[in-house]
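The values are calculated or read from the model by the stated rules, or taken from the named source; none is laboratory data. Computed from a prediction, not measured in an experiment: that's the story for all the values here. Note: ideal-geometry Cβ built from the backbone for every residue, glycine included; neighbour counts use all protein chains shown.
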Amino acid sequence: MSRPVADGTRHPTLEALLSRPYPAVMGVLNITPDSFSDGGQYMTPDRALAQARRMIAEGADIIDIGAESTRPYGSQPVPRDEEMRRLNPVLAAVVALEVPVSIDSMKSPMVEWALGNGAAIANDVWGLQRDPDMARVIAAHGVPVIVMHNRDKPDASLDIMQDIAAFFERSLEIAAKAGIPDSHIILDPGIGFGKTQEQSMTVLARLDELRTSGLPVLVGASRKRFISAVVPSEPKQRLGGSLAAHLIAARGGARIIRTHDVADTVQALRVAHAIESKR
Ligand code: HH2
């Protein structure tokens with residue numbers, strides 16, 4: 001289940017990661033000037049690669065690379081050429097680190113390019129429902145896809161769990177039509193996307209309801225704004241809240257945790273698992 005790499009260590013495959021008793025950790029690598037918590041920090045290829053190496057040393061199982069901020073409010077749309085200009089000097093070098101790389105992009109041509117250049121997972125924050133070519137591109141490469149729930153605007157009157165379930169049903173239909181097997185789908189409720197802060201917390205509290213699909217669930221609560229609704233804080237001061245959310249997500253069945261703070265998250269997940277195994 002694992003493949004050897006040049007330095008003699010062995011990094012497990014995605015299948016092996018998902019079968020572990022504690023969740024896999026996905027480290028966030030934002031090559032953007034405007035990401036909500038770390039914009040501008042990894043804009044040069046050297047810095048981006050150093051951050052990827054650091055996250056892997058800290059225990060990241062997957063590196064998620066994005067070159068366009070997807071934060072719901074205030075992010076600037078990035079033209080495809082610019083997204084490519086940011087990713088091009090970084091992607092191959094990160095892929096060479098031999099950890100599965102996911103490409104966080106809403107544009108099917110970017111995803112196609114990244115999958116052709118070694119990315120192993122597609123991360124679509126519109127769950128195959130925005131770019132009409134996304135499902136075809138992903139099916140053609142035969143790779144797993146993270147299908148994230150999203151909405152243009154939050155609606156406080158919604159039953160958010162029902163909305164997510166209906167959204168995933170549509171995504172799964174699109175995937176099936178394009179020839180993406182269920183075994184390649186990872187569901188993500190999209191914490192902070194098209195949701196009120198209350199709804200983001202409801203989703204975390206009721207995550208186990210998403211498991212009825214039998215598909216693995218990813219959660220990314222790292223540094224997000226709902227934390228500040230409970231304890232006012234700047235994004236970089238939200239580690240405690242992020243860990244709390246991620247431990248609750250793990251208990252609710254999340255199989256992958258997406259985070260900016262890899263070392264602390266790995267430690268929290270592993271210690272929680274070690275304690276729970278004593279019951
Ligand atoms: N959150 C962000 C971006 N991409 N992808 C998935 N699947 N799930 C998430 O929760 C998710 C995501 C937002 O975080 P970040 O990448 O740090 O910010 P920005 O989009 O501003 O770059």
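Give me the pairs, please: first residue somewhere in region 205-223 and under 18 Å from residue 144 (Cβ atoms) and touching a residue at least 24 places away in the same chain (Cβ under 8 Å), second residue anywhere and polar (S, T, N, Q) and within 16 Å of the ligand (Cβ to nearest atom), beta-carbon distance under 8 Å, and either six or more positions apart or on two chains.
220/259
In region 56-96, which residues are within 28 Å of residue 268 (Cα to Cα), surrounded by 24 or more Cβ atoms within 10 Å (Cβ to Cβ) and acidic (Asp, Glu)?
61, 64
Say whether the condition of being at pLDDT 95 or above, within 14 Å of the ligand (Cβ to nearest atom), of a type in the set (Gly, Ala, Ser) and under 28 Å from residue 35 (Cα atoms) is met by at least one residue in region 153-168.
no
Residues are listed down the side, and each one gets a yes or a no for (1) more than 16 Å from the ligand (Cβ to nearest atom); (2) of a type outside the set (Lys, Arg); (3) more than 25 Å from residue 164 (Cβ to Cβ):
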residue: 47; (1), (2), (3): no, no, yes
residue: 53; (1), (2), (3): yes, no, yes
residue: 76; (1), (2), (3): no, yes, yes
residue: 102; (1), (2), (3): no, yes, no
residue: 123; (1), (2), (3): no, yes, no
residue: 133; (1), (2), (3): yes, yes, no
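How many residues are under 21 Å from residue 21 (Cα atoms) and either touching a helix residue (DSSP H, G or I) at 6+ places or on another chain (Cβ under 6 Å) or away from the ligand (no atom under 16 Å from the Cβ) (or both) if we restrict to region 225-243?
Taking region 225-243 and keeping what is under 21 Å from residue 21 (Cα atoms), we get 242-243.
Filter once more, so that each one left must be either touching a helix residue (DSSP H, G or I) at 6+ places or on another chain (Cβ under 6 Å) or away from the ligand (no atom under 16 Å from the Cβ) (or both): 243.
Here the count works out to 1.
Take the residues in region 140-150 that are part of a loop (DSSP other than H, G, I, E, B) and closer than 19 Å to residue 213 by Cα; name whichever of them is farthest from the ligand (Cβ to nearest atom).
144
Could you tell me whether region 180-202 includes any residue that is free of Cβ contacts under 8 Å to residues at least 40 places away in the same chain and in a loop (DSSP other than H, G, I, E, B)? Reasoning before the result, please.
Quick first cut of region 180-202, residues free of Cβ contacts under 8 Å to residues at least 40 places away in the same chain only: 181-183, 197, 200-201.
So of that shortlist, the ones also in a loop (DSSP other than H, G, I, E, B) come out as 181.
Yes - at least one qualifying residue is present in region 180-202.
Where residues in region 25-40 are closer than 20 Å to residue 265 by Cα and more than 10 Å from the ligand (Cβ to nearest atom), which of them is surrounded by the fewest Cβ atoms within 10 Å (Cβ to Cβ)?
25
Of 187, 218, 269, which residue is at pLDDT 95 or above, touching a Pro at 6+ places or on another chain (Cβ under 8 Å) and within 11 Å of the ligand (Cβ to nearest atom)?
187
Six or more apart or on different chains, Cβ atoms under 9 Å: show the pairs whose first residue is in region 231-242 and loosely packed, with under 12 Cβ neighbours inside 10 Å and whose second is part of a helix (DSSP H, G or I).
Listed pairs, sorted by first residue: 231/237; 231/240; 231/241; 234/228.
Quick one: count up the residues across region 224-279 that are within 19 Å of residue 54 (Cα to Cα) and in a loop (DSSP other than H, G, I, E, B).
2
Any residue in region 30-37 that is within 18 Å of the chain's Cα centre (by Cα) and closer than 30 Å to residue 183 by Cα?
yes
What is the residue count in region 32-80 for residues that are at positive phi and modelled with pLDDT of 95 or more?
1
If residue 137 satisfies all but one of (1) in contact (Cβ under 8 Å) with a residue 40 or more places away in the chain; (2) assigned to a helix (DSSP H, G or I); (3) surrounded by 18 or more Cβ atoms within 10 Å (Cβ to Cβ), what's the number of the condition it fails?
Among (1) in contact (Cβ under 8 Å) with a residue 40 or more places away in the chain; (2) assigned to a helix (DSSP H, G or I); (3) surrounded by 18 or more Cβ atoms within 10 Å (Cβ to Cβ), the lone unmet condition for residue 137 is (1).
State yes or no: is residue 6 aliphatic (A, V, I, L, M), at pLDDT 90 or above and more than 26 Å from residue 194 (Cα to Cα)?
So residue 6 fails the test.
Please work out which one of (1) more than 23 Å from residue 55 (Cα to Cα); (2) over 16 Å from the mean Cα position of the chain (by Cα) is the condition residue 215 fails and give its number.
(2)
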